[in-house]
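Quick notes on the structure that follows.
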Amino acid sequence: MALGSIGERMRFWGDPVANTFGLRAQILLHILLLAGAALLFAGFLFLRLTESALLDQRVSHAVATMEVFSRTLAATMADGGPAEADLRGRTRRLQDFAGSLPPNLGWGAVDRNLSPVSSAASLGAFSLDLADLAQVRESRRVEIQVHYPPTGIFSVTGGDGFVVATAPVLAEGSFAGALQVRFSLGDVRARIFGGRTLVLAYALLFGTVMVGFGFYLLSRTVVRPIGRLMEGTRRVAAGNLAEVLPVEGPREIAQLAGSFNAMTGALADSRRETEAYISSLQRTNEDLRRTQEDLVRSEKMASVGHLAAGMAHEIGNPLGAVVGYLDLLRGELPEGREREIADRSLGEARRIDRLVKDLLDYAAPGGGDEESFDPLAALVEARDLLQHQGAFEGLSVDGELPAMLPAVTMARHKLLQVFVNLLLNARDVSPPGGAVRLAAGVVKEGAWISVRDEGEGMDGETMAHIFDPFFTTKEPGRGRGLGLFVCHRVLDEAGGRIEVQSEPGSGCVFTVHFPISKAQGEG
């Protein structure tokens with residue numbers, strides 16, 4: 001039963017390019033993409049939050065430090081006394097304090113007129129921001145400016161960044177100057193880079209574990225059941241409708257396996273019904289063929305019957321006279337060669353008479369003088385008869401024959417005529433110096449006898465018609481096409497059959513099959 005062609009590759013996604021990958025590869029790729037994107041996004045967010053917290057902490061530290069510096073400087077100026085209350089004295093005190101700041105800070109100081117009084121740039125070039133200084137003079141509080149480019153998750157450099165803090169210096173409640181300090185953020189950048197390395201390592205480790213477990217779980221619950229379904233589909237496509245998948249796994253996969261089993265069961269039922277229907281059609285066609293052959297054979301036998309009836313009238317009377325004369329001649333001849341010739345002539349004339357009567361029997365079948373006898377004896381009799389007549393001149397007739405065969409019940413003279421026809425046909429087709437080989441044996445169903453020639457053989461089309469009446473392959477004048485037809489009818493009436501095996505160039509083998517005699521079967 002043809003189930004149609006099933007593709008070698010099942011498509012699970014709509015993208016034709018993605019379909020070039022297997023399901024396992026696609027699942028792994030998608031898990032990697034999703035897990036990587038999620039982990040990288042989480043890591044980037046974590047780094048930004050950490051960076052923001054560190055910057056806030058550093059700004060708070062800078063503000064506190066500048067407030068301490070401002071109060072300390074203000075106290076220093078106030079302790080100088082009246083002599084230091086003038087502008088020059090306060091400026092000197094401001095210079096002295098700024099000079100005491102740590103050397104790793106970039107700083108600068110201005111007087112109350114925002115004129116630079118001292119500066120240092122231990123962390124690179126440092127220039128005072130007059131706008132911040134002016135704002136501090138007005139607001140009288142610490143001002144902060146953060147210069148820090150954000151750290152990207154894949155960035156390598158980008159500058160350390162710094163914080164510029166500006167604090168007012170108040171002496172006796174009046175603005176005496178301002179101090180501006182730059183705090184480096186290099187340590188923040190270093191900590192962020194170190195944290196980023198840890199985040200990437202954690203993302204890689206966690207992603208590997210997540211992908212491994214996800215791949216294992218999806219393989220067990222999705223990939224393997226689908227793989228079994230694909231393999232089962234291939235087997236069904238190959239004609240194995242007995243394939244049954246285990247109904248297990250997630251609900252959808254189990255339902256899919258159940259649907260597959262139901263489909264294969266329905267296909268198997270349909271195949272059985274189709275095969276039964278085909279077998280029924282074949283039997284019907286065989287019956288029709290046999291009926292047609294029987295009708296054709298009946299029509300041909302009717303023609304033979306009409307011909308035989310005419311021949312009986314035309315040949316019967318003169319043949320009866322010939323038989324009578326031969327019988328009289330035989331009675332008048334003394335014992336010797338002449339009487340033997342008369343006996344053989346009388347026997348042949350009577351056989352001709354029986355053949356004419358047999359033709360009449362084919363048109364109106366009737367019983368005959370049946371007897372139980374060894375069919376091998378009939379074969380030997382036919383062979384000896386033809387050899388005495390010189391029918392096998394230039395040929396050899398041999399074979400390994402058993403001592404006897406199981407008896408067959410039928411008209412002896414009819415079986416004798418069958419063997420005569422087969423032997424004469426073998427003689428006619430065998431080349432000079434050839435051989436006609438005889439064989440016999442016993443099988444479970446009965447006995448068999450075969451006659452093999454060394455002729456040119458026959459093709460299939462010729463063998464399909466050799467048992468038809470008036471069909472012959474002999475040259476005109478050498479045959480009428482009734483010999484094998486007679487053989488077939490005689491054996492069919494006796495419950496036996498005749499078969500032929502042949503190929504062009506390898507001769508023919510005619511095998512006669514006999515049923516077991518009724519008397520032997522009962523015994």
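The values are calculated or read from the model by the stated rules, or taken from the named source; none is laboratory data. Just so you know, these numbers come straight off a predicted model, no measurement behind them. When we count neighbours, we look across all protein chains shown, and the Cβ atoms used for this are built from the backbone with ideal geometry, even at glycine. For accessibility, only protein heavy atoms count, side chains too; no ligands or nucleic acids. Shrake-Rupley method; radii C 1.70, N 1.55, O 1.52, S 1.80 Å.
Couple of notes before you dig in:
- On inspection, Gly505 does not qualify as more than 50 Å from the chain's Cα centre (by Cα), surrounded by fewer than 16 Cβ atoms within 10 Å (Cβ to Cβ), at pLDDT 80 or above and outside any strand (DSSP E or B).
- Tabulated pairs, region 37-66, first under 17 Å from Asp160 (Cβ atoms), second open to solvent by 50 Å² or more (accessible area, probe 1.4 Å) and outside any helix (DSSP H, G or I), C-beta under 8 angstrom, 6+ apart or interchain: Glu51/Pro150; Leu55/Val146; Val59/Val146
- Which listed residue, of Phe419, Phe514, Phe467, is within 24 Å of Ala378 (Cβ to Cβ), in contact with a helix residue (DSSP H, G or I) (Cβ under 8 Å, 6 or more places away or on another chain) and at pLDDT below 85: Phe467
Let's see how each residue does on (1) in a strand (DSSP E or B); (2) touching a residue at least 60 places away in the same chain (Cβ under 8 Å); (3) over 30 Å from Val117 (Cα atoms):
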| position | (1), (2), (3) |
| --- | --- |
| Ala165 | yes, yes, no |
| Gly177 | yes, yes, no |
| Gly195 | no, yes, yes |
| Met210 | no, yes, yes |
| Tyr216 | no, no, yes |
| Glu231 | no, no, yes |
| Gly239 | no, yes, yes |
| Ala242 | no, no, yes |
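- Members of region 374-390 that are free of Cβ contacts under 8 Å to residues at least 60 places away in the same chain, more than 16 Å from Ser345 (Cα to Cα) and crowded, with 16+ Cβ neighbours inside 10 Å: Asp374, Ala378, Arg383
- Residues located in region 417-448, provided they are open to solvent by less than 10 Å² (accessible area, probe 1.4 Å) and over 18 Å from Pro375 (Cβ atoms): Gly434, Ala435
- Residues that are polar (S, T, N, Q) and open to solvent by 60 Å² or more (accessible area, probe 1.4 Å) were ranked within region 244-273; the one that is nearest to Phe470 (Cα to Cα) is Ser259.
- Applying the criterion of being at pLDDT 85 or above and hydroxyl-bearing (Ser, Thr, Tyr) to the residues of region 274-294, the residue that is farthest from Ala464 (Cα to Cα) is Thr274.
- Subset of region 470-502 that is of a type in the set (D, E, K, R) and modelled with pLDDT of 80 or more - its residue that is farthest from Val443 (Cα to Cα): Arg489
- Here region 200-243 is the region considered, the condition is being closer than 19 Å to Ala266 by Cα and among the β-branched types (Val, Ile, Thr), and the residue that is least open to solvent (accessible area, probe 1.4 Å) is Val236.
- Residue check, Arg297 surrounded by 13 or more Cβ atoms within 10 Å (Cβ to Cβ), in a helix (DSSP H, G or I) and at pLDDT below 70: yes
- Take the conditions (1) part of a loop (DSSP other than H, G, I, E, B); (2) in contact (Cβ under 8 Å) with a residue 40 or more places away in the chain; (3) open to solvent by 20 Å² or more (accessible area, probe 1.4 Å); (4) under 24 Å from Arg354 (Cα atoms); Pro406 misses just one of them, which is (4).
- So Arg489, is it part of a strand (DSSP E or B) and not β-branched (Val, Ile, Thr): no
- Here Ile352 passes the criteria (1) farther than 26 Å from Gly441 by Cα; (2) surrounded by 15 or more Cβ atoms within 10 Å (Cβ to Cβ); (3) modelled with pLDDT of 75 or more except the one numbered (2).
- Condition met for Leu401 (in a loop (DSSP other than H, G, I, E, B), farther than 25 Å from Gly505 by Cβ, open to solvent by 20 Å² or more (accessible area, probe 1.4 Å) and in contact with a strand residue (DSSP E or B) (Cβ under 6 Å, 6 or more places away or on another chain)): yes
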